[in-house]
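Here is the structure we will look at, set down as structure tokens.
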Amino acid sequence: MFPSDEKMMPSSYESKRDFAIHGGVPAFSEPLHVGHPNVGSREAFLHRVNEILDRRWLSNNGPVVREFEQRIADYVGVKHCIAMCNGTIAMEIAIRALDMKGEVIVPSWTFIATAHALSWQDITPVFADIDDVTHNLDPTAVRRMITPRTTGIIGVHVWGRAAPIIELEAIAEEHGLRLMFDAAHAFGCSYEGTRIGAFGQCEILSFHATKAFNSMEGGAIVTNDDELAEKARLMRNFGFAGYDNVVHPGTNGKMTEICAAMGLTNLDSIDDFFDQNRRNYETYLKELSGLEGLSFVHHATDEESNYHYNVVEVGPSFGISRDRLIEVLHAENILARKYFWPGCHGMRPYKELYPHASLLLPNTETVGSRVVVLPTGSNITPGHASKVCEVVRSAARLRP
């Protein structure tokens, strides 16, 4: 069990007979997770690790990190990839490198790190509402939240589906705002034929273990801006420009050689990971389509996708509530999640600051009350996905 999953078990989980469909016997003997880590060739990874140990160069911009950066830049189609120890540090450094301050507009419908990366640097995250169909920022809502203190916008490519890039670029240009994107969900996805990573002034990637592509832990800033890339490289290494020559304020954001080795190994298998995700997505889509009260969040068929997030919305006409469906699934060892409930604005640090934010975020509130993310990852087969669908269909016949 992942540490975070233990906290998300319903309080009544022990009474499996209250929820389980199959007479109290869970459908799966082992838990199915959202984002179970994808792992490529163990042999190739261990070969790289042995080379690292032989060199005894474990960190500080070693040759494996540099190779990893070049391959990621080539894959995304940008000039620069600055690898980091994780995606949150990458975002914090990008925010500082862009000289964001005052207020920055973000969706509340995102992982909490997007807001924290601003708040951690005494920048006020201003939450704008989302489109209730795409789950991405609503440009009209963004315009409403601009004030004289606004310095930037952070768009998020939720579920790997591109944010409204063209509209946000127009707003940023009109108001003289910085624009960057949180692309943590979107590695390997595209927008109008261009891979995500090349938009805004920069984009942030996450290579956390639960992502479609992982380096155990890690992240990166990807950009075509030479000056921004130079600043980010200085800032991730305490501002050092050569030995004993600190020229810029900085922190420790470096990726280790071991993490880069895992990244390179998984990059070799990335097509296999995405193909497996696609097969699972197609199974979920086929077997859950037409189920009353349940709507599926579709991946674009005319764009590249990593197909990593299988998302449904539970509407009022479904047999049971979203939260009760989660309890049923957990009782069957299907550890579905209700990302990103209740939204950043509903989390304690921001709820105390903005107690009435929900009044400006009606779509975020609605989507947050309906979303269920189903298990995914290379250990999930279409057979597993089909069995999950069987449980969901059975749950639909239950009553509160």
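Coordinate-derived values only; no laboratory data. Note that the structure is a prediction, hence the values are computed from the model and not measured. Virtual Cβ from ideal backbone geometry, glycine too; neighbours counted across all protein chains shown.
Treating the angle as unsigned and between 0 and 90°, give the value, to the nearest 10°, between the Cα long axis of helix 165-175 and the longest Cα principal axis of the chain. Rounded to the nearest ten degrees, it is 50. With both residues required to sit in the chain, DSSP beta bridges show an antiparallel share near 55%.
Shown in residue order for segment 285-295 are the 3J(HN,Hα) couplings computed by the Karplus curve 6.51 cos²θ - 1.76 cosθ + 1.60 at θ = phi - 60°: 4, 5, 8, 9, 5, x, 6, 4, x, 10, 10 Hz (x for Gly and Pro). Sites listed here are GluC sites (Glu not before Pro) in segment 170-271 whose DSSP assignment is loop and whose Cβ has at most 16 other Cβ atoms within 10 Å: Glu192.
Given axes a ≥ b ≥ c from the Cα gyration tensor, I'd like to know whether segment 97-184 is rounded (a/c under 1.5), prolate (a/b larger than b/c) or oblate. Oblate shape, in that a/c is at least 1.5 and b/c is the bigger or equal ratio. What the phi angles of segment 245-254 give under the Karplus curve with 6.51, -1.76 and 1.60, with θ = phi - 60°, is a coupling list of 9, 8, 10, 7, x, x, 9, 9, x, 6 Hz, glycine and proline written as x. Ordering Ile95, Ala83, Gly188 by Cα displacement along the dipole of segment 42-268 toward the positive end leaves Ala83 in first place; charges were set at the Cβ atoms of Lys, Arg (+1) and Asp, Glu (-1). If you plug the beta carbon distance of Leu353 and Arg393 into 1/(1 + (r/R0)^6) with R0 = 35 Å, you get a FRET efficiency near 0.25. Calculated on the alpha-carbon coordinates, the convex hull of segment 209-336 measures out at 188 cubic angstrom per residue. How many nm is it between the label spots at Asn363 and His298, if each spot is 7 Å from the Cα in line with the beta carbon? The two pseudo-label positions are separated by 1.8 nm. Dipole magnitude for the chain: about 900 debye, using +1 per Lys or Arg Cβ and -1 per Asp or Glu Cβ, origin at the Cα centre.
Determine the shape class of segment 246-400: with a ≥ b ≥ c the square roots of the Cα gyration tensor eigenvalues, call it rounded for a/c under 1.5, and otherwise prolate if a/b is greater than b/c, oblate otherwise. Oblate, because a/c is 1.5 or more while a/b does not exceed b/c.
Taking trypsin sites (Lys or Arg not before Pro) in DSSP loop states with no more than 10 other Cβ atoms inside 10 Å as exposed sites, the chain has its longest site-free stretch at 57-396.
Of all beta bridges that DSSP places with both ends in segment 42-268, some 45 percent have antiparallel geometry.
Once backbone amide H atoms are built at 1.01 Å from N, His308 has no partners under 5 Å, excluding neighbours fewer than 5 places away on the same chain.
Helix 42-55 and the longest principal axis of the C-alpha atoms of the chain enclose an angle of approximately 30°. Exposure proxy ranking for Phe273, Phe28, Phe111, based on other Cβ atoms within 10 angstrom of each Cβ and starting from the fewest, stands as Phe28, Phe111, Phe273.
Ranked by how many other Cβ atoms sit within 10 Å of their own Cβ, fewest first, the residues Thr114, Thr301, Thr265, Thr381 fall in the order Thr301, Thr381, Thr265, Thr114. Semi-axis lengths, largest first, of the ellipsoid equivalent to segment 42-268 are 30, 20, 14 Å, with √(5λ) applied to each eigenvalue of the Cα gyration tensor. Relative to the first principal axis of the alpha-carbon coordinates of the chain, what is the inclination of helix 382-396, with its axis defined by its Cα atoms, in degrees from 0 to 90 and to the nearest 10? The answer is roughly 50 degrees. Here the residues Val104, Val49, ranked from fewest to most Cβ neighbours within 10 Å of their Cβ, fall in the order Val49, Val104. Over the chain, DSSP H runs of length four or greater, each weighted -39,500 (n - 2.57), average out per residue to a 222 nm ellipticity of -11000 deg cm²/dmol. By definition, a body whose alpha carbon gyration tensor gives a ≥ b ≥ c is prolate when a/c is 1.5 or more and a/b is larger than b/c, and segment 348-400 fits this prolate description.
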